[in-house]
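Student: This is the structure, below, for whatever I ask next.
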Amino acid sequence: MGGLLLLGLLASVGLAAFVIDDSGSDDADDNDANETTGDDSIDGTSGADNIEARAGDDIVSVGGGNDLVQGGAGTDLILGGNGADTLSGDGGDDALIGGGGNDLLDGGTGDDVLIGIDRGLNSQTTGQLSDLLQRGLIGDASLPDEGEDGHGADTLLGGDGEDALFLGGGDVGTGGAAEDNFIIGDWIEAGSVTTITDYDPAADFVEYSYVSTGTVPQVSVTQDEDGNALLSVDGVVVALVSGAGATLTASAVTLVERAGDDSTDTGPNIITGTTGADLINGRDVGDEISAQDGNDVIAAAGGRDVVFAGDGNDIVSGGNAADVLWGGVGNDVVIGGAGGDSLQGNSGDDLILGLDIPLGSGSAADLAALNLDPATPLSILDSLARSPADELSGDDTLLGGSGNDVLVIGGDDTATGGSGDDRFWLGEWVSGVNTATITDYDPAADQIVYYHSPVALGEAAPVITLSTNAAGDAIILADGVAVAEVTGAGSTLTAAEIVVVERATALNEITGSAANDLITGRSIGDEISALDGNDVVGARGGDDQVFGGGGNDVIDGGSGSDDLQGEAGDDVLIGGALRDVLFGSSGNDLVLGIDIDIGSGSAADIAAQGLDPAAPRALLDDFARSPADETSGDDSLFGGSENDVLVIGGDDTATGGVGADQFWLGEWGRGADVATITDFNRVDDQIAYVYTAASPEAAPPVITLTTSAAGDVTVLADGVAVARVIGAGTTLTAADVALIARAPAAAA
């Protein structure tokens, strides 16, 4: 219970609303700080502080003195220092972390998490939340590393509510009323016994947390002469449970194995990004990711993850466990995935999805290839509706934060928009007993949308009706089936306020076969799954989505903004006009972000070109003789997992992925329309510049380089910029850029 409670709690605390900085005061004096109501962030001093945070979701951090902190009403995070601190959560679901010294932690009312053990944080300022993440104060990793015992004999008082008390050696824990969870573990050293005063076998739980060394700890319980239970692990007494000698049994103690040191493959994965635009992939053991600044794409993968995306317009996906995802400052897309997640957009105009959507392999590259935009939720849901993963997944908590947010709510999810003009999206994935909950709908600012996916063209939209429960909450029904509860809106919400949005029924869905297919799309937008075989696909007009399947395929997107995925095999992907996303996936692929002339664009015309991913030079010679010899659209090119060739147009962005990749530049992208290469590796990869030679004796262009303060390299041909290579400032040289001459069009 404790880990999950802390996950949800930390995800609901806002950052940096108000900061007190008295670092310049005399440390001998007390610091008395009484905050106004609201979400405050308060730093104490190195002296003895007396802080009253009052109402609101507050973060309070104190220094080295003997401090007194009262959290007040709201969901608070209070961090003690190295002194003998008294920390009171008061009302709300709070987290109190004692630190060093003999501390008193009193949760008050609400479901609280009290931590008497000391993680030895290298910073306790509220401006260093990423430090808290990286040091493991969240989720399963909220437990200390083996051997990190508590510094000081602390007193933990849970109070009313369902509390989790993390007890160190010498601590005394009193759960109080309701069901409480007492967590002890291998951080308690021999001779340093913790005490539990009010264990109730009918309501409370005792957990022992450990890092596995290959054997399971052996728990035993004996009774002392005073009727207390002595809980031993591998023969060493670690806890005294008052008055429980006749009631506590070894079988009642739950063993919880946690991840160990990050130097092993079974440990938590701690990842820190850069200030640039990062693609971050987690592991399946659970990640603690601080992406920092930049427009980042983060795929945390399996395990219970904690992600703080930082500043920038980020895309974050949690994976298949109970995750905590913070978007941070910026316009973010936050996707919970499977599991019961806590999702917070923070500040900015965010899109928060409590649904599970298909993300290809689940990698950051696949996630980036979806080109998700928080401003266009309808286009994302249109893709979702046509996916086999169109179902609810996990009971999530969605928190919009400040800004104008879009919250897409699954079954049994709870959504709080926060400040700003928010939109709450419901749909057919929510029905019956699995209704969603909207906590703070404001009819003057917010909007509720019901997303309808018709089976056939002309199908009638659902009829929206309302009812009111005994608590005064509004119940939204679609065709008589409950889909959502809107807290406190029973007397104000009307059916007319709920907007019904109908997705466009798929206009042209084409499925190939296991043979070598020639597939030609239509001009209105296609969804094509070519399946196995060496297929040729001409998607033609419209915004298309094409999956090549197995085999060596040739795919041309045509004249729309397309999403092309080659999948298995050695494929040729041609974006064509407008802004495309091209993903080679596995195989040695040729990915073109430039437009080539292939007749009518039919599959037969494309097949007649004889395009070969192993012969990019021959293809570019044909391209040079084509009237379409120019860049068209700002594309995103992803090579995938093997040795790929990426032909990059002006303003295109290319990521080679794993393998020895070739990045081909040319005269089609110069000056202001430079290409971007994100992951050049001088050991394995190669950059080539293609130019037109008037004659065999003509001098080639002169390649020069410049390096920015951020360490990025700009490649220039005869003084004109053609590409930016991220992070290559200390490795790339002009001699590394190969020159490839081609004949002018007149020579054809």
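Student: Please indicate, with yes or no, whether at least one residue in the stretch 719-727 is part of a loop (DSSP other than H, G, I, E, B) and either within 18 Å of Gly593 (Cβ to Cβ) or out of contact with any Ser or Thr (no Cβ under 9 Å at 6 or more places or on another chain) (or both). Lay out the reasoning, then the answer.
Tutor: Here is the first cut: in the stretch 719-727, the ones part of a loop (DSSP other than H, G, I, E, B) are 719, 726-727.
Now narrow it down to the ones that are either within 18 Å of Gly593 (Cβ to Cβ) or out of contact with any Ser or Thr (no Cβ under 9 Å at 6 or more places or on another chain) (or both): 726.
Within the stretch 719-727 (the criterion being part of a loop (DSSP other than H, G, I, E, B) and either within 18 Å of Gly593 (Cβ to Cβ) or out of contact with any Ser or Thr (no Cβ under 9 Å at 6 or more places or on another chain) (or both)), the answer is yes, since at least one residue qualifies.
Student: Also, quick follow-up: Acidic (Asp, Glu) and within 26 Å of the chain's Cα centre (by Cα), is that true of Asp93?
Tutor: Working: acidic (Asp, Glu): yes; within 26 Å of the chain's Cα centre (by Cα): yes.
Taking the combined requirement at face value, the residue satisfies it.
Student: How many residues, within the stretch 500-519, are surrounded by fewer than 21 Cβ atoms within 10 Å (Cβ to Cβ) and at pLDDT 85 or above?
Tutor: Going through the stretch 500-519 one residue at a time, the tally reaches 7.
Student: Given the residues Thr222, Thr174, which is the only one that is under 24 Å from Asp106 (Cα atoms), surrounded by fewer than 23 Cβ atoms within 10 Å (Cβ to Cβ) and touching a Leu at 6+ places or on another chain (Cβ under 6 Å)?
Tutor: Thr174
Student: Just checking, which of Thr247, Thr275 is at pLDDT 80 or above, in the same structural domain as Gly312 (by TED's automatic domain parsing) and hydroxyl-bearing (Ser, Thr, Tyr)?
Tutor: Working: Thr247 fails: in the same structural domain as Gly312 (by TED's automatic domain parsing).
One residue alone meets the criteria, Thr275.
Student: Okay, moving on. Quick check on the stretch 337-368: of everything there that is within 11 Å of the chain's Cα centre (by Cα) and assigned to a loop (DSSP other than H, G, I, E, B), which residue is modelled with the highest pLDDT?
Tutor: Ranking the candidates gives Gly345 first.
Student: Additional query: Hey, which of the strands (runs of 3 or more DSSP E) in the stretch 202-259, taking only ones fully inside, have at least 3 residues that are over 34 Å from the mean Cα position of the chain (by Cα), closer than 24 Å to Ala178 by Cα and among the aromatic types (Phe, Trp, Tyr)?
Tutor: No strands (runs of 3 or more DSSP E) qualify here.
Student: Could you tell me which residue of the stretch 523-559 is modelled with the lowest pLDDT, considering only residues that are among the hydroxyl-bearing types (Ser, Thr, Tyr) and more than 13 Å from Asp580 (Cα to Cα)?
Tutor: Going residue by residue through the stretch 523-559, those that are among the hydroxyl-bearing types (Ser, Thr, Tyr) are 523, 529, 559.
Now drop any that are not more than 13 Å from Asp580 (Cα to Cα), which leaves 523, 529.
Values: Ser523: 68, Ser529: 89.
This residue is Ser523.
Student: Can you name the number of the only condition in (1) touching a residue at least 24 places away in the same chain (Cβ under 8 Å); (2) in a strand (DSSP E or B) that Ile528 fails?
Tutor: Of everything listed in (1) touching a residue at least 24 places away in the same chain (Cβ under 8 Å); (2) in a strand (DSSP E or B), Ile528 misses just condition (1).
Student: Then there's this: Do you know which residues across the stretch 655-695 are of a type outside the set (A, V, I, L, M, F, W, C), surrounded by 24 or more Cβ atoms within 10 Å (Cβ to Cβ) and in a strand (DSSP E or B)?
Tutor: Listed by number, the residues that qualify are Thr655, Gly666.
Student: Another one. Go through the stretch 76-88 and report how many residues are crowded, with 24+ Cβ neighbours inside 10 Å and in contact (Cβ under 8 Å) with a residue 60 or more places away in the chain.
Tutor: Residues that pass the stated criteria total 2.
The values are calculated or read from the model by the stated rules, or taken from the named source; none is laboratory data. Source: prediction; values computed, not measured. As a convention, Cβ positions derive from the backbone with ideal geometry for all residues, glycine included, and neighbour counts pool all protein chains shown.
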